[in-house]
Amino acid sequence: SRKLKSDDTIVTTANGGVIGGDEKIFVFGPCSVESYEQVEQVAENLVEKGQKFIRGGAFKPRTSPYDFQGLGVEGLKILKEINKKYDLAVISEVVDPHHFEMADPYIDIYQIGARNMHNFELLKEAGRSNKPVLLKRGLSATIEELIYAAEYIHASGNSNIIICERGIRTYEKATRNTLDISAVPILKQGTHLPVLVDVTHSTGRKDIMLPVAKAALAVGADGVMAEVHPDPSVALSDAGQQMDLNEFDLFYKEIEQARKLY
Ligand code: PEP
Ligand code: MN
């Protein structure tokens, strides 16, 4: 829980990435790792923009068992190659307690996805790991439950935690999930952890991602996450909501301007 501003958790990565410091950051990358070439196209673009992080799922917790489940360890190896060549810190999801040890050589920040926020054995194992953990809010989790999930990681020994608001399930159908924008200042007041807002999985709508991302920065988020794919039309997951590189350029220009305001 929060005591003094000076207690704020600042997560750093080996390439000089800082989350929760004075500067707001961005986490961009494809929904799923599909091939080396696919991730590389995004990585090159991110490096041109001076970015420090890249995301991409190798283990995909899909709603349907018939959908693409991710490349698994092959995907992690691709991410590691990208990390070595482009010096981008890699954020990727783990879904099994055994994944922490297995993924350790490949990943810089472990992601725990919305569907696993209540997986307490996974949280405890994340607590025993020696890398930062990006914890996403569960689909129907209250803010209090989200904080308890973070406490599970902390109580098991790892205080390098980043919280990610990614929208919750409500009756509203205009967006994929309902972004709980007030969660951001509440989490900033109630915890000492960096808070990111995922504008892709919350809105599910490229047409409103930019204003929503600006709102996230305005209410105090430490950064924004969004999905980018070189050719979303052939993406193996979330084809409808990933930005292509042209859309990303426009989005980035604006959000980078907004970033400097806050
Ligand atoms: C993701 O970020 O890849 C993802 C699956 O998001 P969420 O867990 O928030 O649905
Ligand atoms: Mn996705």
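Derivation of every value follows stated rules applied to the coordinates shown; laboratory data play no part. What you are looking at is a predicted structure, and each value in this text was computed from that prediction instead of being measured. Backbone-built Cβ (ideal geometry, glycine too); neighbour counts: all protein chains shown.
Observations
- Based on the convex hull around the alpha carbon atoms, the stretch 161-262 presents an average projected area of 6.9 nm².
- Whichever lysines have a C-alpha closer than 26 Å to that of Lys85, once near sequence neighbours (fewer than 8 apart) are set aside: Lys24, Lys49, Lys52, Lys60, Lys77, Lys131, Lys253
- Least to most buried among Ser237, Ser64, Ser129, Ser182 (fewest other Cβ within 10 Å first): Ser64, Ser182, Ser237, Ser129
- In this structure, the amide hydrogen of Gly29, modeled 1.01 Å from its nitrogen in the peptide plane, lies closer than 5 angstrom to those of Arg55, Ala226, Val228, counting only residues at least 5 positions away or on a different chain.
- Seen through its C-alpha gyration tensor, with square-root eigenvalues sorted a ≥ b ≥ c, the stretch 25-139 comes out prolate because a/c lies at 1.5 or above while a/b is bigger than b/c.
- In plain terms, the residue of Thr12, Thr200, Thr170, Thr191 with the fewest other Cβ atoms within 10 Å comes first and the most crowded comes last, giving Thr170, Thr12, Thr191, Thr200.
- Panel note: the C-alpha atoms of the chain, placed on their principal axes, show extents of 45, 39, 39 Å (largest first).
- Overall dimensions of the stretch 86-136 as given by Cα atoms, namely Rg and Dmax in Å: 10.2, 34
- Inter-site label distance for Glu247 and Lys85 at 7 Å from Cα along Cβ, in nm: 2.5
- Counting neighbouring beta carbons within 10 Å and listing from fewest to most, the residues Glu144, Glu44 come out as Glu144, Glu44.
- Full-extension gain in nm, Ser233 to Thr170, via 0.36 nm per residue minus C-alpha separation: 19.9 nm
- Projecting the Cα atoms of Leu261, Val18, Val42 onto the charge dipole of the stretch 5-261 (Cβ charges, centred on the Cα centre) puts Leu261 farthest toward the positive pole.
- Antiparallel bridges, percent of DSSP beta bridges restricted to the stretch 5-261 (to nearest 5): 10
- Amide H within-cut-off set for Gln111, under 5 Å, with H built and near neighbours excluded: Ser92, Glu93, Val94, Leu134
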